[in-house]
1. Would you kindly identify the helices (runs of 4 or more DSSP H) lying entirely within region 463-575 that contain at least 2 residues that are modelled with pLDDT of 95 or more and of a type outside the set (A, V, I, L, M)?
2. In this structure, is residue 195 hydroxyl-bearing (Ser, Thr, Tyr), in contact (Cβ under 8 Å) with a residue 40 or more places away in the chain, touching a strand residue (DSSP E or B) at 6+ places or on another chain (Cβ under 8 Å) and more than 16 Å from the ligand (Cβ to nearest atom)?
3. Inside region 381-401, can you point out the residues that are surrounded by fewer than 20 Cβ atoms within 10 Å (Cβ to Cβ) and within 16 Å of the ligand (Cβ to nearest atom)?
4. If the requirement is being closer than 24 Å to residue 441 by Cβ and over 24 Å from the mean Cα position of the chain (by Cα), which of these qualifies: 535, 510, 549, 563?
5. Can you work out which of the residues in region 166-180 that are polar (S, T, N, Q) and touching a strand residue (DSSP E or B) at 6+ places or on another chain (Cβ under 7 Å) is nearest to residue 138 (Cα to Cα)?
6. Could you figure out which of (1) more than 24 Å from residue 180 (Cα to Cα); (2) at pLDDT 95 or above isn't true of residue 7?
7. Within region 120-145, restricting attention to residues that are closer than 21 Å to residue 531 by Cβ and in a strand (DSSP E or B), which residue is farthest from the ligand (Cβ to nearest atom)?
8. Counting only residues that are within 30 Å of residue 93 (Cα to Cα) and out of contact with any helix residue (DSSP H, G or I) (no Cβ under 7 Å at 6 or more places or on another chain), which one in region 343-380 is farthest from the ligand (Cβ to nearest atom)?
Amino acid sequence: MSVIEDCPTLAGEAHLPVVLNDLLAHADADRADVLRARLAQELPVLRDRLSRLYSNTPDYAQWLNRVLVQTVQIALDRPAELWALDLQREANPNWHLQGMLGYCTYTDKFAGNLAGVRERIPHLQELGVTYLHLLPFLKPGTPPNDGGFAVASYDEVDPHLGNLSDLQQLTRELRAAGISLCSDFVLNHVSHEHTWAVQARAGSAQHQSFFHWVKSPEQIGQFEKNLVQIFPNTAPGNFTFVPEVNAWTWTTFYPYQWDLNYAQPVVFSEMAKSLLQLANHGVEAFRLDSTGFLWKRAGTNCMNQPEVHWLLQALRCLTNIAAPGTLLKAEAIMPTQDLPPYFGLGPTQGPECHVAYHSSLMSASWVALAEENTQIIHDVLSHTPALPDGCTWMTYVRCHDDIGWNVLRPELDARGSDERSRLLHASQFFAGQIEGSYAKGAAFQASDANAVHGTNGMAGALVGLTSAHTPEEHSAATSRLLLLQSLSLFVGGLPLIYMGDELGQGNTTAAELAVRQGPDGRELHRPVFDESLFAQRHDSNTTAGILYAMLRGYVNAKKQHAALSTAHALRLMPTPHPSVLLLQRGEEALGLFNFSRTHVTLDLNASFSSGLQPMWNALTREKADMLACSLMPYAAIWLTAQRP
Ligand code: OTU
């Protein structure tokens, strides 16, 4: 356990630089007052974090003044509607903890372009969505561009999807429908077609300094010893030779994604500026992509370095000044034990991200399904810390990436030296390589044949919907998908549904895969939205219709029952049955999840030492039999003490 540092976190009298006082003196008086108060609140922490990072760089004081002026100017330019929203949210800082529901999709696959997304707002509302994560829609480099995760300009929208005014119109209409738009913000790297990379290749020393350079294969070898490979088959190694510079630049992901050098203050201030400008276009949440990799340190695996958290906390301060109604979400696909610092619970404590992906819970649910045993979920949840006020987990079943199994290594290693083989089993199970497996996924790339491969595939394919032939098989597969969704909804904070999963959509078709650019296996779960399934959503004779109705049932139950709110603490309860997970929320809600194909009858008295109150099924409103609670194969039951 690391030592917690003593660092300034309290607001004091802000001593503002003259330029800032001048700017505020000429601004709208009401806004200036609000901004002075925010600066007083944020400056102590901001100055501390930035001086840790940059006080040794030349002209640090002037740079800091420029950052402050830039931030305050963006705040002064903030459209009135967003300024008002900020004030509302400052007065109700836990606005995002009141039962949000997320939906994640590629813009083109869901709706063609940004204007098309506007047409789909009624669909999102019908499902109860309040948070829409559109995968990268900023101007990317020429394909291949990692599905847009190689950004060529952070200040422009991908012309295939629209322009800035389409973005503004979309955010406005979403907001009117009670939906916050989340945009990816790829902090770690830029496309090799981004102007900084272009100028670096053209010989600009300043722009070269925005990236990391390595001069020799020996030096590369030194670094590689400690680094992981994210795309070992399609992008082996972490460095790419750039002939114009006669050196290798750091590329953690694809060779066309150049890692930024955050030791350069201008890199930080320019990225922060772009982020805040997007907030002024109405983006209300940012998914901070690959946050773990932002800082490199020789001799380490260059992940989760302390500087990452100083950078994120500084970014949070700037956001709190210019756009405090905005959420920051950490995309740090790391073991649970590495995540608390992203909520500001590391050695340097202070507000950081509001939300982080709980990828271990996601992977563990799939392992539990393959094993028909919930032990691994128990282990993950018992390692999941309580979060600071204002923070929450993003829970999910699938997303646009592969399911990474290795985040679960710490849980397995704690159980014994040969337990990691369970990950190999899960990976093979969902790739359909194990006798009797219903799954139709595929292995993602791994560094060698014996390594555990991530898993690609839509949830519908992984739970066996697409391989089901008999009504029984269809029903089991449907229950498996609902089981995972209902666990995500019960635990989350901010549960996220991946496009198509609400209808049990299957994998991208082979014909379509053949015409997609690039060999990236993750395309398997990036299909075009299936209109025919969508048309069936209210038809209870179809699998899509059953899934959709049940999913809405859970979503609505969560809205209706205050007892299910994440304001009440989550507790893991012992169960006599290894395939059943029993979770308690506060004093008045229970979630029972049967991960096996067997029918289980539970005496709930056995799990509760103190007396049991009568409870009702939150979806069917039937009274529960607490002494002989019946769980059908793969059933998920929510009980609350609230009489219907
Ligand atoms: C993120 O992912 C994105 O979600 C991926 O779609 C991008 O390819 C990648 O960044 C590069 O921008 O490292 O911290 O399948 O889990 O690449 C998270 C592997 C990441 C992803 C991993 C990932």
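The values are calculated or read from the model by the stated rules, or taken from the named source; none is laboratory data. This is a predicted model, so every value here is computed, not measured. Quick reminder, even Gly has a Cβ in these numbers, built from the backbone with ideal geometry, and neighbours come from all protein chains shown.
1. Values: elements: 471-491, 510-515, 531-535, 543-560.
Those helices (runs of 4 or more DSSP H) span 471-491, 531-535, 543-560.
2. Details: hydroxyl-bearing (Ser, Thr, Tyr): yes; in contact (Cβ under 8 Å) with a residue 40 or more places away in the chain: yes; touching a strand residue (DSSP E or B) at 6+ places or on another chain (Cβ under 8 Å): yes; more than 16 Å from the ligand (Cβ to nearest atom): yes.
It is true that residue 195 is hydroxyl-bearing (Ser, Thr, Tyr), in contact (Cβ under 8 Å) with a residue 40 or more places away in the chain, touching a strand residue (DSSP E or B) at 6+ places or on another chain (Cβ under 8 Å) and more than 16 Å from the ligand (Cβ to nearest atom).
3. 400, 401
4. Details: 535 fails: closer than 24 Å to residue 441 by Cβ; 549 fails: closer than 24 Å to residue 441 by Cβ; 563 fails: closer than 24 Å to residue 441 by Cβ.
On inspection, the qualifying residue turns out to be 510.
5. 171
6. (2) is the only condition that residue 7 fails.
7. Out of the qualifying residues, it is 132.
8. At the first step, the residues of region 343-380 found to be within 30 Å of residue 93 (Cα to Cα) are 343-362, 380.
Pick out the ones that are also out of contact with any helix residue (DSSP H, G or I) (no Cβ under 7 Å at 6 or more places or on another chain) and you get 343, 345, 349, 355, 357-358, 362.
Details: 343: 16, 345: 19, 349: 23, 355: 15, 357: 9, 358: 13, 362: 11 Å.
Going through the qualifying residues, I end up with 349.
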